[in-house]
1. From the list Ser103, Ser66, which one is without any contact (Cβ under 8 Å) to a residue 12 or more places away in the chain and small (Gly, Ala, Ser)?
2. When the range 87-97 is examined, which residues are found to be over 29 Å from Val3 (Cα atoms) and surrounded by 15 or more Cβ atoms within 10 Å (Cβ to Cβ)?
3. Considering only residues that are at negative phi, in a loop (DSSP other than H, G, I, E, B) and either surrounded by fewer than 18 Cβ atoms within 10 Å (Cβ to Cβ) or among the basic types (Lys, Arg) (or both), which ones fall in the range 12-50?
4. Would you mind finding the one in Ala89, Ala171 that is small (Gly, Ala, Ser) and touching a strand residue (DSSP E or B) at 6+ places or on another chain (Cβ under 7 Å)?
5. Considering only the range 59-70, I want to know if a residue exists there that is among the aliphatic types (A, V, I, L, M), in a helix (DSSP H, G or I) and either within 24 Å of Gly106 (Cβ to Cβ) or open to solvent by less than 10 Å² (accessible area, probe 1.4 Å) (or both).
6. Scanning for something in contact with a strand residue (DSSP E or B) (Cβ under 8 Å, 6 or more places away or on another chain), at pLDDT 95 or above and β-branched (Val, Ile, Thr), does the range 147-161 turn up at least one residue?
7. Would you mention how many residues in the range 160-171 are open to solvent by 70 Å² or more (accessible area, probe 1.4 Å) and of a type outside the set (Asp, Glu)?
Amino acid sequence: MAVRAVLRMGHPQLRRRANEVERPGDEALNALVGDMLETMEAAGGVGLAAPQIGVPLRVIVFGVQSDNPRYPDAPPVPRTVLVNPEITARGRDVRPEWEGCLSIPGMRGLVPRPERIRYRGLDANGQEVEGEARGFHARIIQHECDHLDGILYPDRIVNPEMFGFIEELKAAGLVAGDLPPEPAQPATGRG
């Protein structure tokens, strides 16, 4: 396993639709998932999509530990791998919340998303995974699945005044003053 460079907004790979994984369970996919989990944890992230590390496959990983520095008040979310994920909104409740992204370091935006979703896909071994998620858990899955379709969270912001650098948003009183700054990111590669 290895920590990979996270591509940043502006890299063309982030705007492409990722390809379906045709052979879940193979050694290459398991190695990719290991790298994704290690990269996510090293960056203090709560989710990561394969395109963010330059791999155009429909694979996401996510999970929140209680000590995550970027989201210190977030509820725990079990570590999950989803291959070829599909999501469906449950109900009509849509809620705006502040989001960040490892591919857009130092910034946050207010993004409306469905409060509850149903998800399904495969794990790294090709076994079916499905469940329901709500709140922050649902937001993470939706955010990461957007990456698989070349969508970044700023594309979903309704009011452009609700997008900016964390320090500026804090100074303007738009986000909580205790929101921690983004950790330094390793240099990105051109993948």
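The values are calculated or read from the model by the stated rules, or taken from the named source; none is laboratory data. Quick caveat: nothing in here was measured; it's all calculated off a predicted structure. Cβ placement follows ideal geometry from the backbone for every residue including glycine, while neighbour counts extend to all protein chains displayed. Only protein heavy atoms, including side chains, enter the accessible area calculation; ligands, DNA and RNA are left aside. Shrake-Rupley method; radii C 1.70, N 1.55, O 1.52, S 1.80 Å.
1. Values: Ser103 fails: without any contact (Cβ under 8 Å) to a residue 12 or more places away in the chain.
Of Ser103, Ser66, the one residue that is without any contact (Cβ under 8 Å) to a residue 12 or more places away in the chain and small (Gly, Ala, Ser) is Ser66.
2. Looking only at the range 87-97, we keep the residues that are over 29 Å from Val3 (Cα atoms), and these are 88-96.
Ala89, Arg90, Pro96, listed by residue number.
3. Within the range 12-50, Arg16, Arg17, Glu20, Glu22, Arg23, Asp26 meet the criteria.
4. Numbers: Ala171 fails: touching a strand residue (DSSP E or B) at 6+ places or on another chain (Cβ under 7 Å).
After ruling out the rest, the residue left standing is Ala89.
5. Start the filter on the range 59-70 by keeping residues that are among the aliphatic types (A, V, I, L, M), which leaves 59-61, 64.
Pick out the ones that are also in a helix (DSSP H, G or I) and you get none.
The answer is no, given that none of the residues of the range 59-70 is among the aliphatic types (A, V, I, L, M), in a helix (DSSP H, G or I) and either within 24 Å of Gly106 (Cβ to Cβ) or open to solvent by less than 10 Å² (accessible area, probe 1.4 Å) (or both).
6. Going residue by residue through the range 147-161, those that are in contact with a strand residue (DSSP E or B) (Cβ under 8 Å, 6 or more places away or on another chain) are 147-148, 153-154, 156-159.
Filter again for at pLDDT 95 or above, leaving 147-148, 153-154, 156-159.
Those left that are additionally β-branched (Val, Ile, Thr): 157-158.
Checked against the condition, which is being in contact with a strand residue (DSSP E or B) (Cβ under 8 Å, 6 or more places away or on another chain), at pLDDT 95 or above and β-branched (Val, Ile, Thr), the range 147-161 yields at least one hit.
7. Here is the first cut: in the range 160-171, the residues open to solvent by 70 Å² or more (accessible area, probe 1.4 Å) are 160-161, 165, 167-168, 171.
Adding the requirement that they be of a type outside the set (Asp, Glu) leaves 160, 165, 171.
Matching residues across the range 160-171 total 3.
Let's see how each residue does on (1) touching a Phe, Trp or Tyr at 6+ places or on another chain (Cβ under 8 Å); (2) under 22 Å from Gly44 (Cα atoms); (3) surrounded by fewer than 19 Cβ atoms within 10 Å (Cβ to Cβ):
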residue: Pro78; (1), (2), (3): no, yes, yes
residue: Glu99; (1), (2), (3): yes, yes, no
residue: Gly109; (1), (2), (3): yes, yes, no
residue: Arg113; (1), (2), (3): no, no, no
residue: Arg118; (1), (2), (3): no, no, yes
residue: Arg134; (1), (2), (3): no, yes, yes
residue: Leu174; (1), (2), (3): no, no, yes
